[in-house]
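Here's the structure, in structure tokens; my notes come after.
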Amino acid sequence: MRRTDALPKARGALTYGADLAAPQMLWAAYATSVHPHARLRSLPVEEARAMPGVRAVLTAGDIPRVLPKRRWDPSRPLLVETECRFQGEPVAVVAAQSLVEARAAARFLQSKAEWEVLPAFTDLEKEFPEWPDVETMKRHERVNAHVLARRGDFERAVAEADLVHEETFRTPMVAQVPMEPHACLARVQGDDWHVQTTTQTPFGMREDIADKLHLPEAKVRVEGTWVGGGFGGKNEALLETHALLLSRLTDRPVRLSLSFREEFLFTRTTQPAIFRMATCVRDGKPFARRTRLLLDTGASLPGRDFALGYSLGFTLGPYRWDTWELEGYALRTHRAPFGPHRAPLAPQCTFASDGHMDSLARRLKVDPFQLRLEQVWRTGDRTPFGQEVPPFAAAAALEQARALEKEWRRGLAPGHGIGVGLGFWSTGTSMGGEAVLTLGPKGLTILQGEREIGSGSVVEGLRVIAAQATGLPEDAVEVVYGDTSTAPFDSGVFGSRTVIALGRAVEKGCEALLKELARRSDHSPGEAGEATPRPRTSRGKLRLDLQGGEVFVRSPRGTGPLLGYLTEEERNGGGLRAHGKEYGRSHELDSSGAVEGDLYAYSDLIAAVHLAEVRVDPDTGSVRVVRYAAFHDAGKVLDREGYRGQVEGGLVMGLGTALSEEGLITSEGRLQNAGLLDYRVPTIRDAPSDLRIIAIEGFPGSGPQGSKGVGEPPIIPVPATVANAVADATGSRVLELPLTPERVARALALISPGAPTGPAGPVTPAVRGRPK
Amino acid sequence: MPFELHFPTTFEEAWALLEKGPPGSTLPIAGGTDLLLAMEFRRFSPRHVVSLSRLPLQAYEVGPEEVRIGSLVPLRTLELDPRLCARLPALVEAIAEVGSVQLRHRATLGGNVVRASSSSDLLPPLIALRSLLTLRSREGRRTLPLEEFVQGSWKTGLRPGELVEDVRVPLPRPGTYRWQRVRPANDISQVGLAVVRHPAQAGGLRWNLVAGGTTPTVQRLIRAEATLVSEEPSQEDVALAAQRAAEEARFATDLRAAEEYRRHLLQVLVRRGVEDVLRSPLAKEVRG
């Protein structure tokens, strides 16, 4: 077993958030709103405070007196003060001697709270059955953000087109569902606001806590634990602020964790979206596209929406367009705030964008591979936002997928279909990271501020990078996890950036170490640090090695123990030190197309082409994925097993988005399936047994050795690929996720198309359009 | 809420414990796969929980005409028994679809029967197989057909102080269990259907069809059964039975499926189920 965390994790030896404990610790629990939108009339706080074991009850009104500056950021409410904004929003937090007592008091508060129920806005479809006009939206109080960008005149393109292909795609609320729920342990002692927590971004969390509580960052100390999956859901400070406030109030360590029900209700996630797509075709060639997007951003506050502007670009696909128009509204609803989620909204955008491309190919009766290949970006093209396309493997991946598709199509069983899906992603390489490397006589240590969230990018990735950069075996490289007071700054584990950014920082640190050793080797070995210049002959050839547990330096001048290269100070101080930094580059963007709102530049571009063979039961609508192949633009694979693991995991997660996962709300806007019973993530038995992962190298990215990020891209094309395969098998297209048997049955006209009261909701009939 | 857990080793001890306190304050627990969830969701808040694990409820005898299954026998034991696989396909197929392997190591037949869930995957085959329950209390034993025992979710004919001792199922019986779910593995069936063919000498109808996912509890499809009068009904009869089943089933719309979809599914499952049973080797072997 190669992964160093595997065995201790299997044995239960590593500390996760839910394992945290301290002497004298109090247990905390939330009382939350049970309505999506309501005014709080009364809360029996004093009665709850008198309940057995209860040490404190924190409400919004208590916060100012707990905080040193007696105030907090009112634009980011920590607890409901008068009006709740979504079901599950915390109203009060109880700290008690035991979890049972804390929960009993929280439940008491929740059941005795009196609310005046207010109308809830939770259904975009109902509010905007048609695309709303600009004037309506200017007056609409729930518009959080508006983005409009274009090149050329789309209306003219419509007039010039032979065919305008139009479809509306709908996607539901989906959640990250990490196996480990959120959990933290807070301890405030004097000026030290210390919290241990399961987080993807310790430094981001420190900033968030400092902002929300008006504390100087230096007084906040965030210490990460081992993380049982994050998928974007463990970035922001959610519980941590409450646990810190309770610790301050009680002078005791306070532990707070979420139940799975609370995970679904209270954490930030992907909310519903409606994509209205239109593509103009002339002489058989698609040349203009327009996307109109209504995005439910939940109770996100104005100015805090990141998703709309970033997502819209993905609906154009990685394609060249003469004319394009993007318009979107982020709407503030009474659902939980929108939050990051493994390639936020990209699987949904791609379901719309690529599904639309696929249905166009079928409508034009052309090969879906050919249609994509003729339009797809190649290295050196310009993106719609004017950026030069860096090395990009989309066309190569499509060609390889096409060859496999031919093979699969021979002897394809009846009722089966094959679909291709093309997605792309841009990694978050412009965020920074640093690492401190110490090369001692026994090996190399990397001090850094990220936490391993399960992918292996930290625990394995950084070691592989350092080993490959220096020549040391991986066993001689150790990763050290610092907290925000001991580790150098790092942005955290998100945006598929760990290997690309922090990995590059480690690689640079290694390069600096080797350069320094080479410099010393060019001087006389054994007299390290002393200035006796010699001709430079050994540049770039120097490598490290481990012999009998000792680090050796191998240079053209010969091999010798590292000790001989170190100064006395370094020998006493653990070794030679180097500081690696990577802050990425900001990319150029042609923003002349932006009329309102912001567009975002892409950094590395990563293509992913997926191929699925599905079997559709013609009588029930059941979809089973029987074979799956993923062609990924890898740049350079640094670790085969780790790479394969990430792609497999991402695509199985995507199968959940494609086939079974959706948050279902009642007509009052309450989430009906907050829990693992009726929110269906795929299990291992739902994964296809024939799963091929093909890494396409040779289109380098900006990571170590030309590698590209792999955390997010694998999930992106999955829903589109599965929907395209179902369309191939049945001739009917399902325009709404997920493709549950019932929804497919409606598309196949086995039952009526719309079920206004049913859980599946209405399904738009197959392909609509208006031939000219 | 905290509760006290008891481990009686004799029925006397168990009854003494179960009679304590007001109704609902003491509950028996078998595998616990449903009860613990119900306690988590606060449907029940017992102060005392009585484990049945040390009582002699683990009997398991496979005879030539009947299998007797102690109420505490884990589902996994039944699933892995080749004698049952060959002779009670309807039951074993259903058991293999209950939850996960881990869950089936804990879950018991007795627990599933007392839970009496309308979406149970086990009640349809057990009822279609005409299973008999042995119920035991201080007053002694009584035998009750499972069909009469099940009344609704958590509602059964169990009297205070009574425990399910065993379930007796006749064999061999050609049959099958069919289901439809949003997620094939580890999910709750939108519709389940057991189809069992009985020999003429057993008396009564030749075919029993029982659906799950119905409201308020699992339902025998009597009109469909009455349509399948012969050992080998014609395709037309099967189609008619499927149609009648879809008409007579009491379905509702909930978050798992729309009523309309459930009716459609049942029709498909009846047709497929009966046809598959007719084609099965066991149906060819067991005739008359």
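The values are calculated or read from the model by the stated rules, or taken from the named source; none is laboratory data. Being a predicted model, the structure only gives us computed values, none of them experimental. Here the Cβ is made from the backbone with ideal geometry for all residues, glycine too, and neighbour counts use every protein chain on show.
Which of (1) surrounded by 15 or more Cβ atoms within 10 Å (Cβ to Cβ); (2) in a strand (DSSP E or B) is the odd one out, the single condition A:Q176 does not satisfy?
(2)
Within region A:356-383, which residues are surrounded by 22 or more Cβ atoms within 10 Å (Cβ to Cβ) and in contact with a Lys or Arg (Cβ under 7 Å, 6 or more places away or on another chain)?
A:M357, A:S359
Go through the residues of region A:755-766 one by one and say whether even a single one is surrounded by fewer than 22 Cβ atoms within 10 Å (Cβ to Cβ), modelled with pLDDT of 95 or more, touching an Asp or Glu at 6+ places or on another chain (Cβ under 9 Å) and within 14 Å of another protein chain (Cβ to nearest Cβ).
no
Restricting attention to region B:80-135, report how many residues are buried (at least 19 other Cβ atoms within 10 Å of the Cβ), of a type in the set (V, I, T) and part of a helix (DSSP H, G or I).
5
Is region B:213-232 home to any residue that is within 13 Å of chain A (Cβ to nearest Cβ) and in contact (Cβ under 8 Å) with a residue 60 or more places away in the chain?
yes
From the list A:P682, A:P700, pick out the single residue that is modelled with pLDDT of 95 or more, within 11 Å of chain B (Cβ to nearest Cβ) and part of a loop (DSSP other than H, G, I, E, B).
Going through A:P682, A:P700 in turn, just one is modelled with pLDDT of 95 or more, within 11 Å of chain B (Cβ to nearest Cβ) and part of a loop (DSSP other than H, G, I, E, B): A:P682.
Could you say whether any residue in region B:136-153 is touching a strand residue (DSSP E or B) at 6+ places or on another chain (Cβ under 8 Å), without any contact (Cβ under 8 Å) to a residue 40 or more places away in the chain and assigned to a helix (DSSP H, G or I)?
Among the residues of region B:136-153, at least one is touching a strand residue (DSSP E or B) at 6+ places or on another chain (Cβ under 8 Å), without any contact (Cβ under 8 Å) to a residue 40 or more places away in the chain and assigned to a helix (DSSP H, G or I), which makes the answer yes.
State whether one or more residues within region B:274-286 are touching a helix residue (DSSP H, G or I) at 6+ places or on another chain (Cβ under 8 Å), away from chain A (no Cβ under 14 Å), small (G, A, S) and farther than 22 Å from A:G621 by Cβ.
Yes, region B:274-286 contains a residue that is touching a helix residue (DSSP H, G or I) at 6+ places or on another chain (Cβ under 8 Å), away from chain A (no Cβ under 14 Å), small (G, A, S) and farther than 22 Å from A:G621 by Cβ.
The rows are residues; the columns are (1) crowded, with 19+ Cβ neighbours inside 10 Å; (2) out of contact with any Lys or Arg (no Cβ under 6 Å at 6 or more places or on another chain).
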position	(1), (2)
A:T199	yes, no
A:E207	no, yes
A:D211	no, yes
A:A218	no, yes
A:G224	yes, no
A:A243	yes, yes
A:R248	yes, yes
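Considering only residues of region A:685-697 that are outside any loop (DSSP other than H, G, I, E, B) and of a type outside the set (D, E), which is farthest from the other protein chains (Cβ to nearest Cβ)?
Among them, the one singled out is A:I696.
When B:A185 is evaluated against the numbered criteria (1) within 14 Å of chain A (Cβ to nearest Cβ); (2) at pLDDT below 95; (3) surrounded by 17 or more Cβ atoms within 10 Å (Cβ to Cβ), which criterion, by number, is the only one it fails?
With (1) within 14 Å of chain A (Cβ to nearest Cβ); (2) at pLDDT below 95; (3) surrounded by 17 or more Cβ atoms within 10 Å (Cβ to Cβ) applied to B:A185, the lone miss is (3).
Mind checking which residues of region A:210-261 are in contact (Cβ under 8 Å) with a residue 12 or more places away in the chain and of a type in the set (G, A, S)?
A:G224, A:G228, A:G229, A:G230, A:G232, A:G233, A:A237, A:A243, A:S247, A:S257, A:S259
Do you know which of the residues in region A:235-256 that are in a loop (DSSP other than H, G, I, E, B) and modelled with pLDDT of 95 or more is farthest from the chain's Cα centre (by Cα)?
Ranking the candidates gives A:D251 first.
Checking the structure you have, find out if any residue of region A:77-89 is more than 32 Å from the chain's Cα centre (by Cα), among the hydroxyl-bearing types (S, T, Y) and either within 14 Å of chain B (Cβ to nearest Cβ) or within 23 Å of A:E180 (Cα to Cα) (or both).
Scanning region A:77-89 turns up no residue that is more than 32 Å from the chain's Cα centre (by Cα), among the hydroxyl-bearing types (S, T, Y) and either within 14 Å of chain B (Cβ to nearest Cβ) or within 23 Å of A:E180 (Cα to Cα) (or both).
Among the residues of region A:311-332, count how many are hydroxyl-bearing (S, T, Y) and within 15 Å of A:Q271 (Cα to Cα).
The number of residues fulfilling the criteria is 2.
When both residues are 6+ apart or on different chains and their Cβ atoms are under 8 Å apart, which pairs have a first residue that lies in region A:512-524 and is within 11 Å of A:A578 (Cα to Cα), and a second that is surrounded by fewer than 17 Cβ atoms within 10 Å (Cβ to Cβ)?
A:A512/A:H579; A:L514/A:R543
Might you check whether a residue that is away from every other protein chain (no Cβ under 11 Å), of a type in the set (V, I, T) and closer than 29 Å to A:V744 by Cβ occurs anywhere in region B:249-265?
Among the residues of region B:249-265, not one is away from every other protein chain (no Cβ under 11 Å), of a type in the set (V, I, T) and closer than 29 Å to A:V744 by Cβ, which makes the answer no.
Identify, from the list A:R557, A:R577, A:R627, the residue that is closer than 18 Å to A:A723 by Cα and either over 24 Å from the mean Cα position of the chain (by Cα) or in contact (Cβ under 8 Å) with a residue 24 or more places away in the chain (or both).
None of the others qualify; the one that does is A:R627.
Among the residues of region A:636-649, how many are touching an Asp or Glu at 6+ places or on another chain (Cβ under 7 Å) and not aliphatic (A, V, I, L, M)?
Adding up the residues that qualify gives 3.
Take the residues of region A:589-614 that are surrounded by fewer than 17 Cβ atoms within 10 Å (Cβ to Cβ) and over 27 Å from the mean Cα position of the chain (by Cα): which is nearest to the other protein chains (Cβ to nearest Cβ)?
A:V595
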